[in-house]
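Below is one structure, written out as structure tokens; the observations come after it.
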């Protein structure tokens, strides 16, 4: 990579060297013509004589000898601890007796990614995927969310004044947020339903499929976890009637359905827990506005800052 203040590019270096070597220019004249020092001109001329055109490129600034570099045995020890215990540079440094920056460089040299990019169960790098077109795969999941009693919950009155178990016994209960999320565009459809039984989940799929169709998206496959409702014949028959292929994640592998899991986390951060609400009705009234913001206006970091609607061709409302 050329430094932004470098007076010569590889092409300019080649021209300078050829002026001296091929055309017989005096070195100082070539240096003055290309507005560089005499020593700089001499360096590029010398490289051209020794290596030709290939010598005009930048070389690594790494020294040829590094007597104080971490020993191979210590590097192997750090790498082995990382793989066995799955800990980061700070904890590795404390165990190995080196600086955290040294542990970080060792991990980089051995191409070991950050822990955030690894699967917690296996320690292997997470292999991310994205379907090529909208509707090719839709992720479906349910998020259970405690309802807010009238007058507000603990976020309004404090935890000492509100007992969550007492609220549940009083009939406040839970909201079951059913979400269908398109893998390619991240376009989302969510409903607040009273439960997560097989008939409820199947009816939700029917409405979600119709909603996506209205957006110009034909649902081809759906991916769910192995919850009871998604393994019953009711779900399978509904998928068959809609012409959809059902898919299930591997047991104990929620990462496979990670896109909708991450959507629910965003939903909680930016809507459900974003501000104190005085009632569940007030929170529910705010949800359609937030979902519209998410689909049409909110930049999504998973798709390079684009909005979900921008990835669906001719989706109405995406420019409003």
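The values are calculated or read from the model by the stated rules, or taken from the named source; none is laboratory data. Predicted, not measured: the structure shown is a model, and the values here were computed from it. We place every Cβ from the backbone using ideal geometry, glycine too, and count neighbours over all the protein chains shown.
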Checklist outcome for this item: From the option list 224, 218, single residue qualifying as buried (at least 18 other Cβ atoms within 10 Å of the Cβ) and either closer than 17 Å to residue 139 by Cβ or within 25 Å of the chain's Cα centre (by Cα) (or both) is 224
Next on the checklist: Scan the range 255-275 and tell me whether some residue there is outside any helix (DSSP H, G or I), touching a helix residue (DSSP H, G or I) at 6+ places or on another chain (Cβ under 7 Å) and crowded, with 17+ Cβ neighbours inside 10 Å.
Outcome noted: no
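Restricting attention to the range 230-254, and to residues there that are under 26 Å from residue 300 (Cα atoms) and part of a loop (DSSP other than H, G, I, E, B), which single residue is modelled with the lowest pLDDT? Can you show your working first?
Our first condition is that a residue be under 26 Å from residue 300 (Cα atoms); within the range 230-254, this holds for 247-249, 253-254.
Those still in the list that are part of a loop (DSSP other than H, G, I, E, B) too: 249, 253.
Values: 249: 91, 253: 75.
If we take residues in the range 230-254 being under 26 Å from residue 300 (Cα atoms) and part of a loop (DSSP other than H, G, I, E, B), then 253 is modelled with the lowest pLDDT.
From the list 77, 65, pick out the single residue that is touching a helix residue (DSSP H, G or I) at 6+ places or on another chain (Cβ under 9 Å) and either modelled with pLDDT under 90 or in a helix (DSSP H, G or I) (or both). Please lay out each step first, then the result.
On the way: 65 fails: touching a helix residue (DSSP H, G or I) at 6+ places or on another chain (Cβ under 9 Å).
Only one candidate qualifies: 77.
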Checklist entry - Which condition does residue 201 not pass, out of (1) more than 22 Å from residue 290 (Cα to Cα); (2) under 26 Å from the mean Cα position of the chain (by Cα), if it passes all the others? => result (2)
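Go through the residues of the range 184-191 one by one and say whether even a single one is exposed (fewer than 15 other Cβ atoms within 10 Å of the Cβ) and at pLDDT 95 or above.
Step one: filter the range 184-191 for residues exposed (fewer than 15 other Cβ atoms within 10 Å of the Cβ), giving none.
So far as the range 184-191 goes, no, none of its residues is exposed (fewer than 15 other Cβ atoms within 10 Å of the Cβ) and at pLDDT 95 or above.
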Item to check | Number of the condition not met by residue 167 [criteria: (1) modelled with pLDDT of 85 or more; (2) assigned to a helix (DSSP H, G or I)] | outcome: (1)
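Pull up the range 287-310, narrow it to residues that are exposed (fewer than 15 other Cβ atoms within 10 Å of the Cβ) and part of a helix (DSSP H, G or I), then point me to the one that is nearest to the chain's Cα centre (by Cα). Explain how you work it out, then say what you get.
First, pick out the residues of the range 287-310 that are exposed (fewer than 15 other Cβ atoms within 10 Å of the Cβ): 288-289, 292-293, 297, 299, 301-302, 304-306.
Checking the rest, the ones that are also part of a helix (DSSP H, G or I) come to 288-289, 292-293, 301-302.
Details: 288: 25, 289: 25, 292: 22, 293: 20, 301: 7, 302: 5 Å.
So, considering only residues that are exposed (fewer than 15 other Cβ atoms within 10 Å of the Cβ) and part of a helix (DSSP H, G or I), the one nearest to the chain's Cα centre (by Cα) is 302.
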Next on the checklist: With the structure loaded, tell me whether residue 122 is farther than 30 Å from residue 187 by Cβ, touching a helix residue (DSSP H, G or I) at 6+ places or on another chain (Cβ under 9 Å) and not assigned by TED's automatic domain parsing to the domain that holds residue 186 or whether it fails that test.
Outcome noted: no
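Yes/no matrix, rows are residues, columns are (1) free of Cβ contacts under 8 Å to residues at least 40 places away in the same chain; (2) more than 30 Å from residue 149 (Cα to Cα); (3) assigned by TED's automatic domain parsing to the domain that holds residue 190:
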residue	(1), (2), (3)
236	yes, yes, yes
239	yes, yes, yes
247	no, yes, yes
260	no, no, yes
275	yes, no, yes
280	no, no, yes
294	no, no, yes
306	yes, yes, yes
